[in-house]
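Participant: Sharing a structure below in structure tokens format, with a few things to ask.
Bear in mind these aren't lab numbers, they're just calculated from the coordinates by the rules spelled out. All values derive from a computational prediction rather than experimental measurement. Cβ: placed from backbone, ideal geometry, glycine included. Neighbour counts: every protein chain shown.
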Amino acid sequence: MSGRVLVGVKRVIDYAVKIRVKPDHTGVVTDGVKHSMNPFCEIAVEEAVKLKEKKLIKEVVAVSCGPQQVQETIRTALAMGADRGIHVEVSGKDYETLGPLQVSKILAALAKKEQADLIILGKQAIDDDCNQTGQMTAALLDWPQGTFASEVTLDADKLKVVREIDGGLETIKIKMPAVVTADLRLNTPRYATLPNIMKAKKKKIANVKPADLGVDVSSRLEVLKVDEPPQRQAGVKVETVDDLVGKLKEAGRI
Amino acid sequence: MALQAKLLRFSLALNRNLHKTVVCNKRHLSEKASSNPKASVSTENTDHVLYTEEHFALKASLRKIIDQEINPYVDKWEEEGQFPAHKIFKILGNAGFLGVNKPVEYGGLGLDFSYSLAVAEELGNINCGGIPMAIGVQSDMATPALARFGSAELKREFLQPTIMGDIVVCLGVSETGAGSDVASIKTKAVRKGDEFVINGGKMWTTNGTQADWMCLLANTSDGPPHKNKSLICLPMNLPGVHIARKIDKIGMRSSDTAEVFFDDVRVPCKNVIGQEGMGFTYQMLQFQEERLWGVANILTTMEKVVQETINYTRQRKIFNQPILHHQVVHFRLAELQTEIELLRSLLHRATALYIKGNDVTKLASMAKLKAGRLARELGDSCLQYWGGMGFTSDVLVSRFYRDSRLMSIGAGADEVMLSIICKYMDTLPKK
């Protein structure tokens with residue numbers, strides 16, 4: 001057991017920003033818009049740092065895929081307590097089409113290279129809401145997965161994960177190495193304190209290209225068009241259930 | 001049957017989406033409150049004249065604390081006339097924001113003043129003036145002299161816990177009979193053995209009703225008024241210290257301001273900061289940081305007010321078009337924004353010189369003078385464009401109008417700033 005945990009952090013548009021669709025409908029406006037670490041990734045970092053503070057693991061490595069700016073996101077993870085960072089350089093068109101499949105291939109390759117015992121990711125990113133990367137990474141590595149984790153307990157080489165599912169909570173026991181994805185109630189991320197922000201300056205961020213990991217980042221998907229959700233139309237009030245059924249039939253809904 | 005099945009599936013899908021959004025909103029409690037997401041900031045990141053990546057990381061972290069621990073409660077605290085200083089200062093102290101430019105041995109970060117200013121600027125995102133002012137007293141107004149000139153023992157007893165946020169400090173300089181004329185304060189500290197016996201009183205003491213200690217300026221000898229004063233670390237729980245009243249003010253309402261009396265208060269002589277008799281000089285030095293800090297703080301708030309005014313006037317219509325479309329409105333806001341940028345440039349220039357060890361008294365005084373006057377102009381102009389709504393207590397612009405009026409009065413009135421500038425311009429009548 002290397003005691004090493006890999007945490008994936010994604011740079012996304014800040015949750016408070018009003019998203020605007022680009023005039024050419026190819027995507028959303030990102031230039032000059034405030035970005036921050038995906039909130040679920042923050043929770044993932046916090047969990048990893050907590051495990052290190054409990055001395056259950058030895059090293060936390062923060063990973064992010066993207067252009068130069070993702071280094072900011074990695075630095076935030078370092079300021080929260082991660083030990084070092086890995087910046088996987090992906091830019092331009094490749095970055096625009098980067099999705100869960102490519103990222104999970106990258107993470108799988110890194111996990112093998114770094115001999116990680118555990119990968120903790122956010123359950124999904126707030127920009128694409130895919131909720132796929134964790135699951136795909138586990139599948140590629142053929143590792144067990146504990147997704148939507150609201151509680152994680154480490155015991156030697158086993159993990160007890162309490163998962164949030166539709167019907168309630170499910171508790172599973174999985175063997176490490178494993179992939180865990182963080183859900184909202186797993187923890188409350190700490191504020192990066194000023195001393196840690198300054199210390200983070202000295203921590204190392206390694207640069208690596210997807211090709212170095214043997215990963216092809218070309219996408220199998222093509223975005224045809226991006227639109228704003230339709231404006232919500234006014235509703236219609238009806239007097240009786242018969243009226244309701246009548247109206248639904250008229251609208252071709254039933 | 002089919003209808004039921006379809007409705008069931010539909011409601012399940014709806015619930016799932018609702019669940020997702022509800023879950024997201026729960027975490028970010030102030031999503032509605034934190035009004036306008038950035039338009040101007042991100043572009044400045046790379047080529048800022050004063051700030052580095054660390055400054056911005058610091059601001060982002062502080063912003064989170066403001067959004068989660070402070071802004072959701074501001075309206076309540078404004079109404080109550082007080083905010084929980086010990087609680088908020090402890091949160092800030094834990095995160096390292098109260099001792100940014102203070103010595104590392106006492107829990108500070110030993111960074112230069114540009115970092116303190118980054119904190120001051122970020123605090124301008126708080127939706128009132130009272131709380132940043134109170135934080136400023138704790139972090140940058142009552143402690144510079146102690147940090148620079150105090151004995152190791154005094155620093156351990158007072159500076160360290162203040163930086164940690166464990167104790168609250170207030171600054172005792174102004175009196176009922178002496179504000180602008182600091183040299184004419186009457187509070188006396190008479191030496192009796194190895195103690196000072198203090199009699200007198202202080203006025204306009206921010207944090208006064210909650211403070212654990214006061215950085216007190218008192219007359220410690222009979223001599224020329226600029227050479228007979230000392231700064232003393234005074235515990236507020238000593239017998240003889242009376243908090244006479246909490247002052248009811250038109251603005252800065254969430255900050256408690258006290259009138260304090262001293263009735264034969266005994267304090268050890270070792271509580272004097274630095275050299276006896278140097279108090280006036282030390283206080284004048286403290287004022288420079290206080291003034292720059294105030295300017296940095298109010299700049300962010302002014303920008304916020306302009307932005308909120310743009311948002312409001314964009315959606316509010318008069319005569320069939322948004323108020324913002326009327327030229328006088330968008331032109332006036334452009335004028336105000338221009339003045340904000342000019343003031344910001346002056347502030348950054350003064351700071352850059354200050355951290356290199358220069359005396360920036362003239363520039364700091366100019367910046368403070370301009371900040372006070374611009375805030376009044378801006379508050380007044382923006383409030384006008386809010387119409388009737390601007391006159392209500394529910395909006396930020398009216399609170400800013402009240403809070404910012406203090407800028408031209410406290411920490412050195414406009415007229416005092418003008419005197420200082422004239423001194424440097426050598427235009428004052430010779431005695």
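Participant: What is the distance in Å between the Cα centroid of segment B:61-94 and that of segment B:260-279?
Facilitator: The two parts, judged by their Cα centres, are 32 Å apart.
Participant: Please work out the C-alpha center-to-center distance from segment A:187-254 to segment A:1-23 and express it in whole Å.
Facilitator: If you average the Cα positions of each part, the centres end up 11 Å apart.
Participant: Only loop residues by DSSP count here, and only those with at most 13 other Cβ atoms within 10 Å; note down the chymotrypsin sites (Phe, Trp or Tyr not before Pro) in segment B:247-292 that meet that.
Facilitator: none
Participant: Kirkwood hydrodynamic radius for segment B:289-373: how many Å is it when counted over pairs of different Cα atoms?
Facilitator: After inverting the mean inverse Cα-Cα distance, the result is 14.3 Å.
Participant: Nearest 5 percent is fine: what portion of the DSSP beta bridges confined to segment A:143-198 is antiparallel?
Facilitator: On the way: 14 of 17 bridges.
Restricted to segment A:143-198, the bridges split so that about 80 percent are antiparallel.
Participant: Can you tell me the equivalent ellipsoid semi-axes for chain B? Use √(5λ) from the Cα gyration tensor, largest first, whole Å.
Facilitator: Calculated on Cα positions only, the semi-axes equal 42, 26, 21 Å.
Participant: Moving on. Please quote Rg/Rh for segment A:73-140 to two decimal places, taking the Kirkwood radius as Rh and restricting both calculations to Cα atoms.
Facilitator: When Rh is taken as the Kirkwood radius, the ratio is 0.95.
Participant: Run through segment A:151-254 and list the trypsin sites (Lys or Arg not before Pro) located in a DSSP loop whose Cβ has at most 11 other Cβ atoms within 10 Å.
Facilitator: Those that pass, being in a loop and sparsely packed, are A:K202, A:K204, A:R220, A:K225, A:R232, A:K237, A:R253.
Participant: With respect to the cross-link table entries B:K102/B:K368; A:K50/A:K203; A:K58/A:K113; A:K52/A:K199; B:K102/B:K186; B:K155/B:K270, which display a Cα-Cα separation exceeding 20 Å?
Facilitator: Numbers: B:K102/B:K368 23 Å; A:K50/A:K203 18 Å; A:K58/A:K113 17 Å; A:K52/A:K199 17 Å; B:K102/B:K186 31 Å; B:K155/B:K270 12 Å.
Going by Cα-Cα distance, B:K102/B:K368; B:K102/B:K186 fall outside the 20 Å limit.
Participant: What's the Cα-based Rg to Rh of the protein assembly as shown, Rh via Kirkwood? All intermediate terms of the calculation are to be shown ahead of the outcome.
Facilitator: Numbers: Rg = 29.1 Å, Rh = 28.3 Å.
Ratio value, two decimals: 1.03.
Participant: Another question, if that's okay. For chain A, what is the percent of antiparallel DSSP beta bridges, rounded to the nearest 5? Please report the intermediate quantities before stating the final value.
Facilitator: Numbers: 18 of 44 bridges.
Here the share of antiparallel DSSP bridges comes out near 40 percent.
Participant: In whole Å, what are the extents of segment A:1-85 along the principal axes defined by its C-alpha atoms, from largest to smallest?
Facilitator: That gives 51, 22, 18 Å along the principal axes, largest extent first.
Participant: Another one. Please list, ordered by chain and number, the residues whose modelled amide H lies under 5 Å from the amide H of A:T181; skip anything fewer than 5 residues away on the same chain.
Facilitator: The list, which skips near neighbours in sequence, is A:L121, A:G146, A:T147, A:F148, A:A149.
Participant: Using every alpha carbon pair in segment A:114-186, what percent of pairs falls into each 5 Å bin from 0 up to the bin containing the largest distance?
Facilitator: Binned Cα distances yield the sequence 4, 17, 28, 26, 17, 6, 1, 0.
Participant: Right, next: What does the helix-only formula give at 222 nm for chain B: each DSSP H stretch with n ≥ 4 adding -39500 (n - 2.57), the total divided by the residues, and the result rounded to the nearest 500 deg cm²/dmol?
Facilitator: My calculation for chain B gives -15000 deg cm²/dmol from helical runs alone.
Participant: Right, here's the next one. Can you list the HN-Hα couplings for segment A:88-99, worked out from phi with the Karplus curve (6.51, -1.76, 1.60; θ = phi - 60°), rounded to whole Hz and with x for Gly and Pro?
Facilitator: Each residue's phi maps through the Karplus curve to give 8, 6, 9, 9, x, 4, 4, 6, 4, 9, 5, x Hz.
Participant: Using only Cα positions of segment A:148-249, each an equal point scatterer, no hydration layer, compute I(q)/I(0) via Debye at q = 0.13, 0.14, 0.19, 0.20 Å⁻¹ and quote the log10 values to two decimals.
Facilitator: -1.01, -1.05, -1.06, -1.06
Participant: Under the Karplus relation 6.51 cos²θ - 1.76 cosθ + 1.60, θ = phi - 60°, what is the ordered set of whole-Hz ³J(HN,Hα) values for segment B:185-200, x standing for Gly and Pro?
Facilitator: With the stated coefficients, segment B:185-200 comes to 5, 10, 4, 10, 10, 9, 6, 9, x, 9, 10, 9, 9, 9, 9, x Hz.
Participant: Right, something else. In whole Å, what are the extents of segment B:49-131 along the principal axes defined by its C-alpha atoms, from largest to smallest?
Facilitator: So the three principal-axis extents are 37, 29, 18 Å.
Participant: Cβ under 10 Å from A:V28's Cβ, A:V28 left aside: what net charge do those residues give with Lys, Arg +1 and Asp, Glu -1?
Facilitator: Taking every other residue near A:V28 into account, the sum is 0.
Participant: Normalised by the empirical 2.2 N^0.38 Å for globular proteins, what value does the Cα Rg of segment A:75-198 take?
Facilitator: Taking the Cα Rg and dividing by 2.2 N^0.38 Å, one obtains 1.12.
Participant: No solvent, one uniform scatterer per C-alpha: report log10 I(q)/I(0) for segment B:350-400 via the Debye equation at q = 0.15, 0.29 1/Å, two decimals.
Facilitator: Results for segment B:350-400 at q = 0.15, 0.29 Å⁻¹ read -0.55, -0.99.
Participant: Can I ask one more? B:S254's amide H: which non-local residues (gap 5+, or another chain) put their own amide H closer than 5 Å, with H modeled 1.01 Å from N in plane and none for Pro or chain starts?
Facilitator: B:G130
Participant: Same structure again: Using θ = phi - 60° and the Karplus curve 6.51 cos²θ - 1.76 cosθ + 1.60, what whole-Hz ³J(HN,Hα) does each residue of segment B:376-392 get, with Gly and Pro shown as x?
Facilitator: With coefficients 6.51, -1.76 and 1.60, one gets 5, 4, 5, x, 5, 4, 5, 4, 4, 6, 7, x, x, 4, x, 8, 8 Hz.
Participant: Here's a follow-up. Which number do you get for Rg(Cα) / (2.2 N^0.38 Å) in chain A?
Facilitator: Expressed relative to 2.2 N^0.38 Å, the Cα Rg reads 1.16.
Participant: Further, regarding this structure: Considering amide H positions built from the backbone, and no H for Pro or chain starts, which residues 5 or more places from A:I205, or on another chain, come under 5 Å of its amide H?
Facilitator: Hits under the 5 Å cutoff: A:G85.
Participant: Take every DSSP beta bridge with both residues inside segment A:1-118 and express the antiparallel ones as a percent of the total, to the nearest 5.
Facilitator: 25 percent
Participant: Based only on the alpha carbon positions, what is the Kirkwood hydrodynamic radius of segment B:320-431, in angstrom?
Facilitator: Result for segment B:320-431 stands at 16.0 Å.
Participant: Quote the convex hull volume per residue of segment B:248-332, based on C-alpha atoms, as a whole number of Å³.
Facilitator: 166 Å³
Participant: Ok, one more. How would segment B:207-291 be classified by its alpha-carbon gyration tensor: rounded, prolate or oblate, with rounded meaning a/c under 1.5 and the a/b versus b/c comparison settling the rest? Walk me through the intermediate numbers first.
Facilitator: Numbers: a/c = 2.17, a/b = 1.37, b/c = 1.59.
It is oblate, given that a/c is not under 1.5 and a/b is not larger than b/c.
Participant: Near B:K76, which lysines are there with a Cα under 19 Å away, not counting those fewer than 8 places off in the same chain?
Facilitator: B:K32, B:K87, B:K246, B:K249
Participant: Count neighbours as other Cβ atoms within 10 Å of each site's Cβ, and list the trypsin sites (Lys or Arg not before Pro) in segment B:183-241 that are DSSP loop with at most 16 such neighbours.
Facilitator: Sparse-neighbourhood loop trypsin sites (Lys or Arg not before Pro): B:K186, B:K227.
Participant: Report the normalised scattering of segment B:173-325 as log10 I(q)/I(0) at q = 0.09 Å⁻¹, calculated by the Debye formula with identical scatterers on the alpha carbons.
Facilitator: Ignoring solvent entirely, the Cα scatterers give -0.41.
Participant: Find the relative contact order for chain B and round it to a whole percent, using C-alpha pairs within less than 8 Å whose residues are 6+ positions apart.
Facilitator: Numbers: 729 pairs, mean separation 62.2, N = 431.
The value is 14 percent.
Participant: While we're looking at this one, here's another question. Using the Cα atoms as the points, what is the convex hull volume per residue of segment A:165-211 in Å³? List each step's numbers first, then the result.
Facilitator: Details: hull volume 8.5 nm³, N = 47.
Output value, Cα hull per residue: 180 Å³.
Participant: At what distance in angstrom do the alpha carbon centres of segment B:374-405 and segment A:93-157 lie from each other?
Facilitator: 50 Å
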